[in-house]
Every structure is written in C-alpha cells, then in structure tokens.
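**Q** To start, I am sharing the structure in question, which I have written as structure tokens.
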Amino acid sequence: MDRSASAAFRTEAPFELPLGYVDESGVRHRRGIMRLATAADEILPMRDPRVQSNPAYLSIIILSRVVMKLGSLPDVDTQIVERLFTQDFDYLRRLYEELNGGDEPDGLEAPAASRANGHAAGGPLMLGEA
C-alpha cells in the first residue's frame with residue numbers, strides 16, 4: 001500500500017462558520033470539525049419519524065451526525081443544528097456535499113460547491129424534494 005496516498009486521505013475537515021452558533025450563555029461558536037459521512041449516516045435517518053413526516057429534516061439529522069466539534073460545545077445534536085442561522089446551515093450543507101463527493105441523499109439538490117476565501121459559494125439548496 002502506498003503510504004503517501006493514505007497519508008493524504010483526510011476523514012475530517014476543519015471549518016469556520018460565517019456567523020456562528022450562539023449558545024444560551026451568548027457564547028458564539030464558529031470553528032468546528034466535520035467528518036466524512038458513512039452509509040449509515042445517510043440511511044439510518046430515513047427511519048426517523050421526523051424525516052418521515054418532513055423530508056427536509058434529513059439534512060438536520062445528517063449534519064448532527066457528521067459535525068464532530070463546534071467550538072467548545074460538548075456535543076452537536078439536532079437541537080443545535082436546528083438553531084443554526086440559515087447562512088451557517090447552508091454553509092455546512094455545502095461543505096458536506098464537497099467532502100462527500102456530490103449528491104446529497106434523497107434528491108436534495110445542491111449547486112456545485114466551490115469555496116472561495118474559506119466560504120462555500122452558490123445558491124440555496126432545495127429542501128424536501130424527493
């Protein structure tokens with residue numbers, strides 16, 4: 001096995017949110033780490049009743065599974081992802097697409113994610129279209 005190829009393979013990517021999540025104490029959390037998604041990250045949320053009643057919720061669950069760190073928060077769960085500013089939520093969805101090679105699960109359309117100056121560019125993603 002070529003060690004130089006495996007050394008270049010990254011399973012996590014650091015990020016900085018454009019605005020940042022503001023917690024109950026007023027602390028803003030902007031820097032975090034997202035990991036590559038697994039098949040389970042995209043399949044298991046499909047069983048969740050929140051996704052079955054509202055397909056747009058799929059992105060929230062997936063992001064809560066792959067965002068490993070956000071500032072000094074002990075954990076990133078669906079409640080935190082729900083409370084992100086729209087600009088930060090869109091940023092994370094574009095980063096997810098960029099890291100995981102294109103299509104979001106279940107027909108969520110997204111423009112090609114290109115990053116300029118550390119921020120994702122492109123229009124809004126179309127939620128809930130299956």
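Taken together, the values in this text are just the output of simple stated rules run on the coordinates, not laboratory data. Every value quoted in this text rests on a predicted model; they were computed, and no experiment measured them. Glycine gets a Cβ as well: all are built from the backbone with ideal geometry, and neighbour counts include every protein chain shown.
**Q** Report the normalised scattering of segment 11-101 as log10 I(q)/I(0) at q = 0.12, 0.22, 0.26 Å⁻¹, calculated by the Debye formula with identical scatterers on the alpha carbons.
**A** Debye curve over Cα of segment 11-101, log10 I(q)/I(0) at q = 0.12, 0.22, 0.26 Å⁻¹: -0.34, -1.12, -1.46.
**Q** Counting Lys +1, Arg +1, Asp -1, Glu -1, what net charge surrounds residue 12 among other residues with beta carbon under 10 Å of its beta carbon?
**A** Cβ neighbours under 10 Å give a net charge of +3.
**Q** Hey, can you grab everything whose amide H is under 5 Å from the amide H of residue 22? Only 5+ residues off in sequence or another chain; H modelled, so Pro and N-termini drop out.
**A** Those qualifying (amide H under 5 Å, at least 5 residues apart or on another chain) are 29.
**Q** Something else about it: Around residue 76, under 10 Å between beta carbons, what's the net of Lys plus Arg minus Asp minus Glu among the other residues?
**A** Around residue 76, the surrounding residues sum to 0.
**Q** Contact order normalised by length for segment 11-101, with contacts defined as Cα pairs under 8 Å and 6 or more residues apart; what percent is it?
**A** That works out to 32 percent.
**Q** Mind pulling up the Rg/Rh value for segment 35-79? Radius of gyration and Kirkwood radius, both on Cα.
**A** 0.99
**Q** Provide the net charge surrounding residue 88, with neighbours chosen by a C-beta distance below 13 Å and charges set as Lys +1, Arg +1, Asp -1, Glu -1.
**A** +3
**Q** Taking the Cβ-Cβ separation of residue 44 and residue 85 as r and a Förster radius of 30 Å, what is the calculated FRET efficiency to the nearest 0.05?
**A** The value I calculate is 0.65.
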